[in-house]
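Input: a single structure, listed below in structure tokens.
Each value in this text was obtained by applying a stated rule to the coordinates, not by laboratory testing. Small disclaimer: the values here were computed from a predicted structure and weren't measured. When we count neighbours, we look across all protein chains shown, and the Cβ atoms used for this are built from the backbone with ideal geometry, even at glycine.
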Amino acid sequence: MVTLPSFLSSKPRDFSLPNSSWGPEMLRFYELYNSQCEVETEGGEKQEGSWQRLPSYNRSLKFATGGVYLSKIIQSKARLFTRNIREQGAAFEYVLFNNKEEQRCVGIFQAGHLLEGPPGHVHGGAIATMIDTVTGTHATILSGPVMTANLNINYRSPIPLGSTVLIESSLDTKEGRKTLISCKVTSTDSSKLHTESTALFLSINVSHLLRGG
């Protein structure tokens, strides 16, 4: 059997599915939220759930800034920032779930050893990356294409490498082009607040962005 490159395959790898690097807490919370998602019954009917799991793929990049078309070879090397390390468990292991009715999004995040900042703990920039990822995804669901205008983070307690944390995002206000979101990062038993933050996103025109306008 011949394996096609990812840019030719009709079924790209979904990085938000469990793999062998996920620890017990990561798997437990994945199952908890996944059990509340929409499912298809044996009769082919869909049974609604309060949560939706959001797939995560490496980006398929066709155009560079200015509208320049990229060859399929370059396209095949395009990587979503948080998915550009191939080794499972080494960096960003996460899965996102969205609750449309409650206007909430939850990220289950397990930090790998390559994200070390303070000895034995996660780098603050890696934490900011995950907050931006969760809140940005949430804002996109609420408002369409957006860009981060402001990200304000208060670091309360360091996150140990290898541990699993919950990143919870909720809508504050949505007015015109502006979407304001609050976010907190906690331990899975809610006993420890690691960070709390607010994020402001602005709706954008993607075609203008690709043209560099």
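Summary table below
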quantity: Length gained when the stretch residue 116-residue 19 is fully extended (0.36 nm per residue, less Cα-Cα span); calculated: 32.8 nm
quantity: Zone residues, the stretch 128-155, relative to residue 174, backbone N less than 12 Å from point 7 Å out along Cα-to-Cβ; calculated: 138-145
quantity: Cα lying deepest toward the dipole's positive end in the stretch 68-204, options 131, 167, 202, charges on Cβ; calculated: 202
quantity: Per residue convex hull volume, Cα atoms of the stretch 74-196, in Å³; calculated: 123 Å³
quantity: Summed side-chain charge close to residue 89 - residues other than residue 89 whose Cβ falls under 14 Å, Lys, Arg +1, Asp, Glu -1; calculated: -2
